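Peer 1: Dropping a structure here in structure tokens format, bear with me for questions.
Each reported figure results from applying straightforward, stated rules to the coordinates on display, with no laboratory input. Every value quoted in this text rests on a predicted model; they were computed, and no experiment measured them. Methodologically, a virtual Cβ is constructed for each residue, glycine included, from the backbone with ideal geometry; neighbour enumeration extends over all protein chains shown.
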Amino acid sequence: MKRRTFFKLGAIAGALSVIKPLSASNLLEASTEGIADGPIILSTWNHGLAANSAAWEILEKGGKAIDAVERGVRVTEADLTNRSVGIGGRPDRDGHVTLDACIMDEQSRCGSVAFLEGIAHPISVARAVMDKTQHVMLVGSGAKKFALEMGFKTAKTPLPEVKKDYEQWRKENKNLFVKPEINHENHDTIGMIAMDANGDFSGACTTSGWAYKMHGRVGDSPIIGAGLFVDNEVGAATATGMGEAIIRIAGSHTVVELMRQGYTPTEACKEAVRRIISKHKDLTNLQCCFLAIDKKGNYGSYSVYSGFNYALKTKTEDKMVDSAFDRNW
């Protein structure tokens, strides 16, 4: 047997050994798996409802998914009551509100910013990186310099009420490093994925990150393949929760690749969650969840614990959906 043929057959055999789709009986809530006839938007947590509504204004007119997801998450970035996204977010342990965002379209073009301060809409800066430069990611002062050169508006952070909470936290915690509880109050991200009327996918992800994180920390949200991944031949996925755990398995990319192998969206999300669980001895407060849509319009999600939900928008539905999760870990 020729060496090339040997390795080709070995690769096929390896792939076949991986393709073991999970049965619906293994899902706690099989009803979370659905299918859309036409355009569809999924976004994380209940702030996704307003974001989806803004994004839908573009999709219902036959617009592109990339424009829809950018407009959608900008709604959440502009919500000054949101403490985990945008300029209303909580600061790091040194008092700085640092913002991360990424965006990806149907051509696998992508843009990202991380550790960005004082700019109102990091998602649009990320899109400008994608559209206007040869780069994928800009960070810190370089990202802000680029944003200012492109004419983006500045914003003073933290907000007075957020600063007050931070000062109280500093008094109580001083130099302690506290692992956060990822829940509806500290949910870390809005991730949005969409398929338009042409069957094209795009996604966006934006956050102010882990409240009171170490200065300089960057989570999964601006990292292509971790917090977000789009492959127009297959589908799209996004993630929320403990970013460090999601990065370790290249979470959103993993979900999309599993769908390529034949897993349904919920099955793929479950397998990604299973991998996170298997790689951590301590799952205390380690909530992670993935959302996914495939090329046929099937959609689904899966999380480590109960309590995660996402916003769904189609031609016939506009609602919150509780994610499936596994009680057996």
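Peer 1: May I ask you to derive the FRET efficiency for Asp165 and Ala78 from their Cβ-Cβ distance with R0 = 30 Å, giving the value to the nearest 0.05? Numbers along the way, then the final one.
Peer 2: Values: r = 20 Å, r/R0 = 0.68.
Efficiency, rounded to the nearest 0.05: 0.90.
Peer 1: Below 8 Å, C-alpha to C-alpha, sequence gap of six or more: please give me the relative contact order for the chain in percent. Kindly include the intermediate steps, with their values, before the conclusion.
Peer 2: On the way: 850 pairs, mean separation 76.1, N = 329.
Computed over the chain, the figure is 23 percent.
Peer 1: Using a basic spin-label model with each label point 7 Å from the Cα along Cα→Cβ, how many nm lie between Lys132 and Gln261?
Peer 2: 4.1 nm
Peer 1: Report the calculated FRET efficiency for Glu149 and Arg274 (r = Cβ-Cβ distance, R0 = 45 Å), to the nearest 0.05.
Peer 2: With a Förster radius of 45 Å, E is 0.50.
Peer 1: Oh, and also: Roughly what percent of Cα-Cα pairs across segment 226-276 reach past 15 Å? Numbers along the way, then the final one.
Peer 2: Values: 421 of 1275 pairs.
Result: 33 percent of Cα pairs exceed 15 Å.
Peer 1: Highest first, please rank the peptides 231-243, 147-159, 81-93 by the mean number of other Cβ atoms sitting within 10 Å of their residues.
Peer 2: Details: 231-243: 26.4, 147-159: 15.6, 81-93: 22.9.
In decreasing order of mean packing, 231-243, 147-159, 81-93 become 231-243, 81-93, 147-159.
Peer 1: How much length is gained if the chain between Asn46 and Asn328 is pulled fully straight, taking 0.36 nm per residue apart and subtracting their Cα-Cα distance, in nm to one decimal? Provide the component values of the computation, followed by the final result.
Peer 2: Working: separation 282, 0.36 × 282 = 101.52 nm, distance 2.65 nm.
Contour length minus Cα-Cα distance gives 98.9 nm.
Peer 1: Percent of Cα-Cα pairs per 10 Å bin, from 0 to the last occupied bin, for segment 35-324, please list those.
Peer 2: Pair shares across the bins are 8, 32, 37, 19, 4, 0.
Peer 1: As a quick test, which of the pairs Lys270/Lys319; Lys61/Lys296; Lys153/Lys313; Lys144/Lys295; Lys145/Lys213; Lys61/Lys319 have an alpha carbon distance above 32 angstrom in this structure? Display every interim value, and only then the final one.
Peer 2: Numbers: Lys270/Lys319 22 Å; Lys61/Lys296 21 Å; Lys153/Lys313 30 Å; Lys144/Lys295 36 Å; Lys145/Lys213 24 Å; Lys61/Lys319 20 Å.
Too far apart for the 32 Å limit: Lys144/Lys295.
Peer 1: Follow-up. Starting at the first residue of segment 87-93, write each ³J(HN,Hα) from the Karplus equation 6.51 cos²θ - 1.76 cosθ + 1.60 with θ = phi - 60°, in whole Hz, x for Gly and Pro.
Peer 2: Along segment 87-93, the couplings run 6, x, x, 7, x, 7, 5 Hz.
Peer 1: First measure r as the distance between the Cβ atoms of His96 and Asp37, then evaluate 1/(1 + (r/R0)^6) with R0 = 35 Å and state the FRET efficiency to the nearest 0.05.
Peer 2: Numbers: r = 46 Å, r/R0 = 1.30.
In this case the efficiency is close to 0.15.
Peer 1: Something else: Can you give me the P(r) profile for segment 122-275? Cα pairs, bins 5 angstrom wide beginning at 0, each as a whole percent.
Peer 2: In whole percents, the pair-distance histogram is 2, 8, 14, 18, 18, 15, 12, 8, 4, 1, 0.
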